[in-house]
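Report on one structure; see the data block that follows.
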Ligand code: F0G
């Protein structure tokens, strides 16, 4: 490779507490003094800019790397390495993540009352979710720091991603997932990639509690989203989105909220871009939760954002079935400084939005569909205007949860759970498979029915 993947003289990063501002050692997750979360800062940027380059020079360099044949350049994360922590090139574990498409969603725009609507599809990453962008950075750091084991508690996507990156990097991985509460498709990924997979008889929040104790007692590196290196990798989605929009920020970015790291990462990226002079204003960042897993919504509505209100989470969008989100303070800061909103959506609203994204020929997993469901509400209450340029962050691939999709189309999703009238709205979107005799006549008769 013509140039090193790291810039020891420039991209020097530090870990700092988001609460008291104290520095921390590079492999810590919480402040030793006040126990708040840590974030990565780049003290030299103020003097020299990332990599000693101007925004314009960086934009050019990042674009040029797309034509390179070197593996870190082909990654949609590492091609932005000037804004990431230092990792030695030979330690980088990459599956060529990132470089995900932005799609127009004309039918969804209409249904939300907007002129245009875009989706940045992070489900198009190597393991099918946005987690890969953060995992490449944090797993590489774990390898560089000499860890043999990495571990996470997960609702399924983090574990799939961690298992894949650990395997590629020659690390062992330990997965803790809630028994029976994640999609089979995600569980199968972690088995396939060779993780030691434990199904605990608890929920995600219970898995986190167990894992926190394990990392205290064993030399295992934690790869949950409190890991500040994951947040840095997840920042790159915003840099890439802006590049795809010729560095003209959209008005509004809408993100699903679970443990609340992704909204924090996107907000950090945009804050940094503004500080560095890439953009002149911050787009609004809004976070949408499922009604049954709504701790952030309740925190804002009931305490004005002062104190987290944990909930016993329940939603069919299992990826965001989280009641005690670790990164709530970081997410709230992003929502406040960008002027965004928090909103919650019902299970029926999620199912309908998912089907609408499906018929755009794109699809996503249920947790991602909360973005469209939430946008419709924000638009109805006038918070989003018709002319605004809005981007939905679709976090997971439709094949992540095929059970949900099949049940939806067969009409089984809400069986025995909702009143008939509540699910009536879904009927026009349901397309159950039709079982027929194996004859052309039978199929043609059906076709004719649909033509009329
Ligand atoms: N969308 C999907 C598809 C997810 O898998 C997650 C989180 C989120 C949204 C929420 O993102 O936590 O950063 O607010 N999944 C985690 C996991 C918790 O274990 O896979 P967040």
Whole-Å distance linking the alpha carbon centroid of the stretch 168-197 with that of the stretch 376-452 is 29 Å
Reduced to Cα centres, the span from the stretch 263-294 to the stretch 200-239 in Å works out to 21 Å
Expressed in nanometres to one decimal, the distance between label points 7 Å along Cα→Cβ at residue 407 and residue 275 is 4.4 nm
Between the Cα axis of helix 131-144 and the main Cα principal axis of the chain, the angle (0 to 90°, nearest 10) is 30 degrees
Dividing the mean separation of Cα pairs under 8 Å (6+ apart) by the residue count of the chain yields a relative contact order in percent of 15 percent
Computed over the stretch 254-348, the relative contact order (Cα-Cα under 8 Å, seq sep at least six) in percent reads 40 percent
For the chain, longest principal axis from Cα atoms; helix 261-276 axis from its Cα atoms; angle between them, nearest 10 degrees, is 50 degrees
So the compactness index of the stretch 87-147, its C-alpha Rg divided by 2.2 N^0.38 Å, takes the value 1.59
Taking Cα atoms only, helix 366-380 is inclined relative to the longest principal axis of the chain by an angle, in degrees rounded to 10, of 80 degrees
Per the helix-only model, the chain has a calculated mean residue ellipticity at 222 nm (DSSP H runs of ≥4, -39500 (n - 2.57) each, divided over all residues, rounded to the nearest 500) of -12000 deg cm²/dmol
Of 202-211, 80-89, 419-428, ordering from highest average Cβ density within 10 Å down gives 80-89, 202-211, 419-428
Short to long, in 10 Å steps from zero, the percent of alpha-carbon pairs of the chain per bin is 4, 21, 32, 26, 11, 4, 1, 0
Once both label points are put 7 Å beyond Cα along the C-beta direction, the residue 418-residue 14 separation in nm becomes 5.1 nm
Subtracting the Cα-Cα distance of residue 448 and residue 148 from 0.36 nm times their residue separation yields 101.9 nm
Distance in Å, no decimals, from the C-alpha centre of the stretch 95-125 to the one of the stretch 317-355 is 18 Å
Between residue 302 and residue 192, the two model label points (7 Å from Cα along the beta-carbon direction) sit apart by a distance in nm of 4.0 nm
Where a ≥ b ≥ c are root eigenvalues of the Cα gyration tensor, a/c under 1.5 meaning rounded, otherwise prolate if a/b exceeds b/c and oblate otherwise, the stretch 8-149 counts as prolate
Residue span residue 48 to residue 346: 0.36 nm per residue of separation minus Cα-Cα distance leaves a gain in nm of 102.5 nm
Whole-percent tail of the Cα-Cα distance distribution for the stretch 218-267, cut at 17 Å, equals 43 percent
By the mean-Cβ-within-10 Å protection proxy, highest first, 349-357, 64-72, 45-53, 441-449 rank as 349-357, 45-53, 64-72, 441-449
Dividing the mean separation of Cα pairs under 8 Å (6+ apart) by the residue count of the stretch 176-280 yields a relative contact order in percent of 22 percent
By the mean-Cβ-within-10 Å protection proxy, highest first, 429-435, 283-289, 129-135 rank as 129-135, 283-289, 429-435
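Values quoted throughout were computed directly from the atomic coordinates according to the rules given, and no laboratory measurement underlies them. The structure presented is a predicted model; accordingly, all values stated were derived computationally and were not measured. Cβ coordinates were reconstructed from backbone atoms using ideal geometry, including for glycine residues, and neighbour counts include every protein chain displayed.
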